[in-house]
Amino acid sequence: MIDLSQPETQFATGVVRQACQVAQRVQTGMAVQGLTKSDFSPVTVADFAVQAIVGRALAAALPNAVLVGEESSKELKTDEGRPVLEAVTRFVGQQAPEATEQAVCEWIDHGLSEPGDRFWTLDPVDGTKGYLRGGQYAIALALIENGQVQLGVLGCPNLGDQCQPDMGIGALAVAKRGEGAWLNVLVDPEDQFTQLHASPCSDPTQARIMRSVESGHTNVGEIDHIAERLSVAAEPVCMDSQAKYATLAAGGAEVLLRLLSPKKPDYKECIWDQAAGSIVLAEAGGRITDLKGQPLDFSQGRRLQNNTGVCATNGPLHEAVLEAIAAVCTLP
Ligand code: AMP
Ligand code: MG
């Protein structure tokens, strides 16, 4: 059983729940407008509002803790960003009445720390495109110690209570190293968690493969070849964000592939895109490595510099999937 009263676990589950509420309020409260980041992914008011909420709460609950977040307030301070900052401050203010534009920028920039021996990492809205299209997205918070994820929380407002993509209930998954992975609905006054177990399937033909909705985040052709090689019967399931990991952890699929996009063959994954999801799956009995079978190494800064893509499975299918990857993919 996981000890939910332990201060760090309590902080992480509490703040992710709060952050999900902000993201949902932004979604219903305004027609979501994207800013353009330097990598051209859409950034929303929710991204900044969530990082502000988490930065503020972390500074209050665990004053010595270090946060490595995806966002910075820099672009909010430009002429283009000003209307976004106003909106962010309004939404953050609904949960933190003391919010001013300056305070909000400071809370966001609490996440500008460099990764060290022990730090939190946050993806405020993982799957921004899913969020914009009303699909799956996740708020992902993890604690990393000496290059290993120790604690991870995924808030998935559009996943159902069995980690199925039925909209509107919301799922909260939490995992602590050695204490299992646990699931609750997003809003539960009784705080009743049930343990997550990955699928026991060991027959590759029965595997359900998950991949990104964004074809540019993977290699769709190679996924098809891997499926063919394993004689997988079902078509791949597309889903945005680390909600995929929660789905695997709940036994809703067996394989999650992050292959290298032909347009970005040197892509290195960001730590906040994999940290929380990977421990949720690992603690549910699944396995996560890179495409060459190497463990994910979270000790290399903001990206997984020592890894190539990600191969995540329910466990029993891992070796067969790695073998198919080696046969099909040209890896750097
Ligand atoms: P997903 O929703 O699974 O497509 O993953 C979303 C995450 O993919 C985003 O948070 C991005 O940081 C990350 N990403 C961006 N470009 C790439 C890429 N070329 N390959 C893999 N992941 C990417
Ligand atoms: Mg992300």
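The values are calculated or read from the model by the stated rules, or taken from the named source; none is laboratory data. Because the structure is predicted, anything quoted here is derived from the model rather than measured. Note that we place each Cβ from the backbone using ideal geometry, even for glycine, and neighbour counts take in every protein chain shown. We work out accessible area using only protein heavy atoms, side chains counted, and drop any ligands, DNA or RNA first. Shrake-Rupley method; radii C 1.70, N 1.55, O 1.52, S 1.80 Å.
Taking 0.36 nm per residue of sequence separation and removing the Cα-Cα distance, the Gln148/Leu62 pair yields an extension gain of 29.0 nm.
Per the 1.4 Å probe, what fraction of the accessible area of the chain, in percent, lies on carbon and sulfur atoms? Mind showing how you got there, number by number?
Details: 6460 of 13500 Å².
Its accessible area is 48 percent carbon and sulfur atoms.
Taking the chain as a Gaussian network of alpha-carbon nodes connected by springs under 10 Å, the highest mean-square fluctuation of the residues Thr308, Thr13, Thr194 belongs to Thr194.
Classify the chain: rounded, prolate or oblate, from the alpha-carbon gyration tensor (a ≥ b ≥ c, eigenvalue square roots; a/c under 1.5 rounded; otherwise prolate if a/b is larger than b/c)? Don't jump to the answer; show the numbers that get you there.
Numbers: a/c = 1.67, a/b = 1.46, b/c = 1.14.
Prolate shape, in that a/c is at least 1.5 and a/b is the bigger ratio.
Could you rank the peptides 94-107, 249-262 by their average count of other C-beta atoms within 10 Å per residue, with the highest value first? Walk me through the intermediate numbers first.
Numbers: 94-107: 16.6, 249-262: 24.0.
Going by the mean number of other Cβ atoms within 10 Å, highest first, we get 249-262, 94-107.
Relative to the Cα centre, what is the charge dipole magnitude of the stretch 48-102, using +1 at the beta carbon of each Lys and Arg, -1 at the beta carbon of each Asp and Glu, and rounding to the nearest 20 debye? Each step should come with its number before you reach the end.
On the way: 5 positive and 8 negative charges, 33 e Å.
Computed about the Cα centre, the dipole is about 160 debye.
Which order do peptides 309-315, 119-125, 242-248 fall in by mean Cβ count within 10 Å, highest first?
On the way: 309-315: 24.6, 119-125: 27.1, 242-248: 29.7.
With the highest mean Cβ count within 10 Å placed first, the list reads 242-248, 119-125, 309-315.
Classify the stretch 78-156 as rounded, prolate or oblate from the Cα gyration tensor: take a ≥ b ≥ c as the square roots of its eigenvalues, call it rounded if a/c is under 1.5, otherwise prolate when a/b beats b/c and oblate if not. Because a/c hits 1.5 or more and a/b fails to exceed b/c, the stretch 78-156 counts as oblate.
Between Ala327 and Asp203, full extension at 0.36 nm per residue minus the direct alpha carbon distance yields a gain of 42.8 nm. Distance between the pseudo-spin-label points of Arg90 and Gln294 (7 Å out from Cα toward the beta carbon): 4.7 nm. Per residue, the stretch 262-326 exposes 38 Å² of accessible surface when a 1.4 Å probe is rolled over the protein heavy atoms with every protein chain present. Placing Ser202, Ser278 in order of accessible area, with the largest value first and a 1.4 Å probe, yields Ser202, Ser278.
Could you tell me whether the stretch 199-318 comes out rounded, prolate or oblate from its Cα gyration tensor? Rule is a ≥ b ≥ c as square roots of the eigenvalues, rounded for a/c under 1.5, then prolate if a/b exceeds b/c, otherwise oblate. Because a/c hits 1.5 or more and a/b fails to exceed b/c, the stretch 199-318 counts as oblate. Working from Cα pairs under 8 Å separated by at least six residues, relative contact order for the chain is 15 percent.
Counting only protein chains, not ligands or nucleic acids, how are Arg133, Arg303 ordered by accessible area (probe 1.4 Å), most first?
Numbers: Arg133 120, Arg303 90 Å².
Final ranking, largest accessible area leading: Arg133, Arg303.
Think of each Lys and Arg Cβ as +1 and each Asp and Glu Cβ as -1; about the Cα centre, that makes the dipole of the chain roughly 320 debye.
Compute the signed sum of charges (Lys and Arg +1, Asp and Glu -1) over the other residues within less than 14 Å, Cβ to Cβ, of Gly251.
On the way: positive: Arg208, Lys244; negative: Asp161, Glu254, Glu283.
Charge balance in the 14 Å sphere: -1.
Ignoring lysines fewer than eight residues from Lys129 along the same chain, the ones with Cα atoms less than 24 angstrom from its Cα are Lys37, Lys74, Lys77, Lys244, Lys263, Lys264, Lys268. Of the residues Glu222, Glu283, Glu70, the one that moves most in a GNM of the chain with alpha-carbon contacts below 10 Å is Glu222.
Helix 220-229 and the longest principal axis of the C-alpha atoms of the chain enclose an angle of approximately 30°.
Across the protein chains, with a 1.4 Å probe defining accessible surface, the residues Ile223, Ile169 rank Ile169, Ile223 from largest area downward. FRET efficiency for the pair Ser231 and Gln162, taken as 1/(1 + (r/R0)^6) with r the Cβ-Cβ distance and R0 = 22 Å, rounds to 0.20.
Candidates Asn307, Ser261, Ser199 compared by Cα position along the dipole of the chain: farthest toward the positive end lies Ser261, with charges placed on Cβ.
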